[in-house]
Structure formats: C-alpha cells, structure tokens
Amino acid sequence: QVFDWLCICIAARVAPALRRGRFYVMGCRICIEESANAGQDRPQEIPIRKDIFEPSVTYQPYSANVQDIDAPATTVSVPLSQLGIEVPSIPGDIAVCGVLAIDTHTDIAPRFKSWVYLGQRSDEDFMEEELGRQGVKHVQVRTFPGPPKFPTEEQEAAVIQAITELPRPLMLQCNSGNRASVALMLWLVKTKGYTAESARQLAIDVDFKFWARCGKCGPMRNWLLEKLPAGDMGTMLQTPADGLVFSQLFDSDSSTYTYLLGCKETNEAVLIDPVLEQLHRDLALLEEHGLNLRYVVSTHVHADHLSASGQIRVKKPSVRTVISKASGAKADLLIEDGDKVKFGRFELSALATPGHTRGCVSWWLAGSPAMVFTGDALLIRGCGRTDLQQGDAGQLYDSVHSKLFTLPGDALVYPAHDYRGRNASTINEERLYNLRLTKPKEEFIKMMSELDLPCPPQTDKIVQINLECGVQS
C-alpha cells in the first residue's frame, strides 16, 4: 500500500489529471497505468535535439480488472524536464541534470559519449559503474562547489577544459542540475569572451533554470557575473586563436566598436571601423605592442560618427583604406563580394551584406574561433535601420539570411554597435533569438518601416565626410 501511494504521488507530478496509478520511470520512457476516466491533459513536447534525445511516454489505461491490464498502450510525448533533464538550445548537444534513478541511467546513458559529474566520486547518487555498463566511454568527476563556497580558478579551469575537450553528446550532472547549468553557462561565456551583459542576454534567451527559475541560485548568478568583464572592454589585447592578436575597443559617445586584428608572427595589423575621436588611443595601442598597421577597413559609410580612416592615412601614409565599391565612397581599395584583405598569415573575406546601406560589407575571419564582423547589418538581437543611405529592409533580410545565417553556428558575431554593454554573440544565437530577423520577411519589412527613428545629429554632414574617406585635415 505504501508503494502504491508513493507511485500515485510521483505520477501526479507528471500528469496531474491522474486520479490513481502506478508509475515506473525508465529514463526517457515512462510507463503509466492510470484510471480510465482520468483527464486528457498531457505535457507538451519541447524542442530538443531529436537525433540525440527521444523522450516518450507509454500510457496504458488502468482498470481494477486484472484481465484488462494488457490493453494496447498509446505513446505520447513528455518533456525531458519531467525527468530533471534539460537540453539548452545553445549549444544543443550538452544536457544537464540532477539526481537520476538507476532505471533512468539505463535508458539515457547510451545516448551520451561523455558524462561529467560535479561532485565527489564517493557520492551515492553518482552511478559511475552503471554509466560504464551502458557504454559511456568518457566519464569524469570534477569539483564545482555551490554556496556558501564557490569554485576556485583551478576548479573553473578544469571544468571548462572537460567541457571543451570531451566528445559530444555530453551530460553535465550534479545533485540538483543547478550547478551543472552554471558550469555550462560559465563555459559558454568564458570561451567566447562575453561581457556580463552578453552573458545575461544569453541566459535569458536560453532560459537557463538557475537564472530565472531557481529561488536559491542568486549567489551563483552573482558569482558568475562577477567573473566577467563590464561592457567597455578597454584596450585589452587577447590571443583567441593561434597567433592572432585581437582587441575590441569601444567609443562610448557613439556606442561604436572598433576592432584591432594582428598577426603575432609578422606584426601586421588591421583596424576595422575606427572612430575619429579615438584616433590617439588606437595609434598608441598599435605602437605600444609593436604592430604595423597595413589596412583600415570600413564595414560601410557610417552616419552616426566620423571615421578615423582619413586621419590615419595622413599620419601613416603607408596604410591603405578599404571600403566596398558599392558604397560610392573613396578609398585606396574598393572591394567587392569575395575579395580578401591579408595581414600576415591571416585574411579577412568580404561578404556583401547590403540593406542597412547599399554598400554594407561583413568581414569573415576563418579560424578557431571563427569570427564575423557584421557592421550594422547584424547587431546583437537586432539589426541596423534601413531608412537612410539607400537602405532596403527586404535586401537586408535577404543578406543576413543568405550570407550570415548560413555561416557556422558557433562563429562569433562582432557588430559595429551595441547600446546595452553586450560585446558579442554567435550565429546560432542570432538565428534563434534575434528579435527582428527571426520574423517572416514581410513582417520584418513592415516592422522596419514603422520604427520612426530620429536621425543622428548632423547625419548629412557626417555621411558626406565619410564618403571622402573621413576627415583629411
């Protein structure tokens, strides 16, 4: 009787309509025997990676007559979250979970190549032997404490390394699933160099449980945000890929990002979208690190700030300015779709992405990580306006969907502007969560036509100067 009572209580969590029943958890397949006159409400299926995770429920009507128990079963879908398992849409091949019953391990373990348990090997909830029997080839234990203690830098690094290197699909497990979600989030934002605001945006969009659906997780959220830089990245140089020098620079007056790219081997460098008011900062950074500037690249003719291209060329006559031929602007190199700009052993490839203006170009940098500098064509969860400089909303929509959304999903997106302290995104994030460009094309065009945005101050004068390659004197 006690067993039947416990089964009924557990079943009530999965299907509240059940009036009585027996409930056997077998991983992602759940066998329920219930009253024939119970309600018809069923949990709805959530979007997941179908090639990895296939949740289902086997539902069999219950009868007091034992002879009727073998009646045909019906299969309906149930969310993995009913089993304490979540599969965040980013990256899509990593799941997180809390404590699982042994039968659940038996069913889901064969779906994973790797398993990381955040705790102690001696924990009774960690079924390492069962994972081995079910064919999980890579099982690791990592220490990742929660409040009142927090992970040390060494513990953070060990978890990030495990997530980076282990084969997918990968399961992250702790006793509740919350620390596993924090570890996944930490890996996502640390490996991408996100600011705190970019991390906040990602957590909200992906709907991490620890971020908005856990009343006890505030200390972990705060700890994570404190590990990340603020919106202004300053003049920090990074080496995100082998031999690549990278710095993201910010102008607070126009909320413009300038990008410095260099080759560590040859010291050749490129500046993308420099701002006139930050000329001395950029030149000082180049000199401080012994970089030889070869090109100044403009993603388009800007209307909200003056380009530093002309002044840089005055001060450094060997530097060549670059802009698209379709822009109608003056420069040393007028490029078209597919053209290359080389610096050392790296090269930027031009992707014509008109629509914000007729001459917009995004710049693709292959590597690990791959990067795309999108100008105003694609912003973080948005895009540039289309009511100035021969802008065309339909053309912008087509440009982004055909040229940018077809790039590898994990490529980092670096825009020309952000107004909320966010510094980067990924192609996958924008394909899934961009508030404007995930709409149908007709709806997007209508929305852009109704924005009714004010013009930036002195737009006509700024555009005319930038058409001449910026201030020359």
Requested in this report: Select from the range 352-382 the residues that are touching a Ser or Thr at 6+ places or on another chain (Cβ under 6 Å) and outside any loop (DSSP other than H, G, I, E, B) and list them in ascending order.
Outcome: V361, S362, W364, V372, T374, G375
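Applying the selection to the range 265-274, what residues are open to solvent by less than 10 Å² (accessible area, probe 1.4 Å) and in a strand (DSSP E or B)?
Our first condition is that a residue be open to solvent by less than 10 Å² (accessible area, probe 1.4 Å); within the range 265-274, this holds for 269-274.
Result: A269, V270, L271, I272.
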Query raised in the report: Going through the range 186-225 one residue at a time, which ones are crowded, with 22+ Cβ neighbours inside 10 Å, within 16 Å of the chain's Cα centre (by Cα) and part of a loop (DSSP other than H, G, I, E, B)?
Result: Y194, T195, F208
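Give the residues of the range 126-137 that are part of a loop (DSSP other than H, G, I, E, B), more than 18 Å from I163 (Cα to Cα) and out of contact with any Gly (no Cβ under 8 Å at 6 or more places or on another chain), sorted by residue number.
Going residue by residue through the range 126-137, those that are part of a loop (DSSP other than H, G, I, E, B) are 126-127, 134-137.
Within this subset, residues satisfying the condition of being more than 18 Å from I163 (Cα to Cα) are 126-127, 134-135.
Answer for the range 126-137, where residues must be part of a loop (DSSP other than H, G, I, E, B), more than 18 Å from I163 (Cα to Cα) and out of contact with any Gly (no Cβ under 8 Å at 6 or more places or on another chain): M127, Q134, G135.
Within the range 423-455, track down each residue that is open to solvent by less than 20 Å² (accessible area, probe 1.4 Å) and either part of a helix (DSSP H, G or I) or of a type outside the set (A, V, I, L, M) (or both).
N423, S425, T426, I427, E429, E430, N434, F444, M448
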Query raised in the report: Looking at V471, V463, which one is part of a loop (DSSP other than H, G, I, E, B), β-branched (V, I, T) and modelled with pLDDT under 95?
Result: V471
Query - In the range 300-335, the residues that are hydroxyl-bearing (S, T, Y) and part of a helix (DSSP H, G or I) - result: S309, S327
Query raised in the report: So, in the range 252-264, of the ones that are modelled with pLDDT of 95 or more and touching a helix residue (DSSP H, G or I) at 6+ places or on another chain (Cβ under 7 Å), which residue ends up surrounded by the most Cβ atoms within 10 Å (Cβ to Cβ)?
Result: L260
Query raised in the report: Name the residues in the range 96-151 that are among the aromatic types (F, W, Y) and open to solvent by 40 Å² or more (accessible area, probe 1.4 Å), would you?
Result: F150
Query raised in the report: Do you know which of the residues in the range 362-407 that are within 23 Å of V245 (Cβ to Cβ) and open to solvent by 10 Å² or more (accessible area, probe 1.4 Å) is modelled with the lowest pLDDT?
Result: S368
Query raised in the report: Scanning the range 152-185 for residues that are polar (S, T, N, Q), assigned to a helix (DSSP H, G or I) and without any contact (Cβ under 8 Å) to a residue 24 or more places away in the chain, which turns out surrounded by the most Cβ atoms within 10 Å (Cβ to Cβ)?
Result: Q155
Query raised in the report: Which condition does L407 not pass, out of (1) free of Cβ contacts under 8 Å to residues at least 60 places away in the same chain; (2) within 23 Å of S255 (Cβ to Cβ), if it passes all the others?
Result: (2)
Requested in this report: Filter the range 329-343 for residues that are farther than 16 Å from G375 by Cβ and open to solvent by less than 80 Å² (accessible area, probe 1.4 Å) and give the result.
Outcome: D332, L333, G338, F343
Query raised in the report: Does K403 satisfy the criteria of being outside any strand (DSSP E or B) and closer than 24 Å to I90 by Cα?
Result: yes
Query raised in the report: Any residue in the range 89-107 that is without any contact (Cβ under 8 Å) to a residue 40 or more places away in the chain and either within 25 Å of Q201 (Cα to Cα) or small (G, A, S) (or both)?
Result: no
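The values are calculated or read from the model by the stated rules, or taken from the named source; none is laboratory data. Model, not experiment: these values are computed from the prediction. As a convention, Cβ positions derive from the backbone with ideal geometry for all residues, glycine included, and neighbour counts pool all protein chains shown. These accessible areas exclude ligands, DNA and RNA; they are computed on the full protein's heavy atoms, side chains included. Shrake-Rupley method; radii C 1.70, N 1.55, O 1.52, S 1.80 Å.
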